[in-house]
Amino acid sequence: MISSETLERAVAGGVISAAQRERLYAMERAAALPPDEDADGSEENLRLIGGGNDLFVTVGTVLVTAGFYFVLTTLMPGQTLWIAGLVAAFSWAVAEIVTRQHRMKLSSTVLSLAFVTAVAVVLGLTALERYPIRMPETIWQLLALRSTLAWAGYLFLGGIIAAAIVYFLRFRVPVLAGVVAIAATLLAFLQTAVLLYDGVSSGSVTMPAMEEMPQLLRASLYMPLVCGLVVFAVAVALDIHDRERRTIWSDCAFWLHVVSAPMLVHPLFILSTGQDVAFGRIEPGTGATVMLAALIPGFVYVALAIDRRSLLVPTLAYFGSLGIYYLVNTAANTTGIPPFALILLAVGALIIFFGAGWQRIRRLIVGSTLPTSVLDRLPPIKA
């Protein structure tokens, strides 16, 4: 039997293609499975870690990168820009071996994040040097920073996106899809703020009064919601593109789901439960409560349709964490059973129920509600 390491080296050396490697993997899995093992659907592989050796190499990667960093801080004290640049180059060089040749998943993820962090430090220091920014003391000083903040933000966030894309094209590390999504979302926030400032400056937008600031903050919460929907839609498109979960695009989709979860859940959670802010309070709204209540079953239906259980993991985990935090903070001021506790109870029970009979539920719900033309484009429903 040819080991996976040998196949990865064969792909890296051009002996076989990535598609041929995946077909060999599929043949090996089919030969290893007993006839009745996949009766209720196979487990969904997240491929976040490659095994014990991957974990072992990850520890070594962290140690060697940390050691290199501390050697540089000793030899080059105070030269943060050069240190960050050398750490980025060092991470790239180690990735040529760990990622490019051996395709170790967890180690590759750690190295890619180290590279992006180092590049972010370089870009941040460069932006501060080219566009000096001082902490404003008055509202007029803050308004005067418009052009400086805009160009510094474009350099910083745009540079991170470019660096992540170049690294991804070279090493194909899925977590960078999440990095690009986060940076693009922040860039959208920056551009929205710039457009709002230009509107106030030109007189087309009225400057809000202090008592109107909570309403402005309430409206601004729809921005991450829209960005979250865009990221979520891209992730679902990648899931549909890779129906069999055999290529890197399904792993990229997982990280996009991780990024989209807080952007979708958190704004609706604040809008439905209320939040104290610096200039007042964002009052809870019935519409946001309805949207939050519809979000969870909507996610469940999409996950069933594209056969993607891991789609629900970040969303429901974030939802549950917010709910528990909210209950702990409000338990002392309420009597009786909090309504949100019942919501958490119902969601938790549904997760267990769906996890125990995923394929049967998928066949019952998706198979009976979607037309055949749509089902043909989705992952096959197992009998």
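The values are calculated or read from the model by the stated rules, or taken from the named source; none is laboratory data. On a predicted model such as this, the values are computed, not experimentally measured, just so you know. All Cβ positions, even for glycine, are placed from backbone atoms using ideal geometry, and neighbour counts span all protein chains on display. Side chains are part of the model used for accessible areas, which takes the heavy atoms of the whole protein and leaves out ligands, DNA and RNA. Shrake-Rupley method; radii C 1.70, N 1.55, O 1.52, S 1.80 Å.
Results, tabulated for the structure shown:
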read-out	value
Which numbered condition A233 misses (of (1) modelled with pLDDT of 90 or more; (2) open to solvent by less than 20 Å² (accessible area, probe 1.4 Å))	(2)
Hits in segment 327-383 - residues which are surrounded by 12 or more Cβ atoms within 10 Å (Cβ to Cβ), modelled with pLDDT under 75 and of a type in the set (G, A, S)	A341
Pairs with Cβ under 7 Å, 6+ apart, first in segment 176-187 and in contact (Cβ under 8 Å) with a residue 40 or more places away in the chain and assigned to a helix (DSSP H, G or I), second open to solvent by 40 Å² or more (accessible area, probe 1.4 Å) and of a type in the set (A, V, I, L, M)	G178/V258
Which numbered condition A10 misses (of (1) assigned to a helix (DSSP H, G or I); (2) modelled with pLDDT of 75 or more; (3) loosely packed, with under 13 Cβ neighbours inside 10 Å)	(3)
Selection count, segment 65-110, where residues are closer than 30 Å to A10 by Cα, open to solvent by 50 Å² or more (accessible area, probe 1.4 Å) and at pLDDT 95 or above	3
Failed condition for P208, given (1) in a helix (DSSP H, G or I); (2) of a type outside the set (G, A, S); (3) modelled with pLDDT under 80	(1)
Helices (runs of 4 or more DSSP H) within segment 42-134 that include 1 or more residues farther than 29 Å from L157 by Cβ, without any contact (Cβ under 8 Å) to a residue 24 or more places away in the chain and of a type outside the set (K, R)	52-75, 80-98
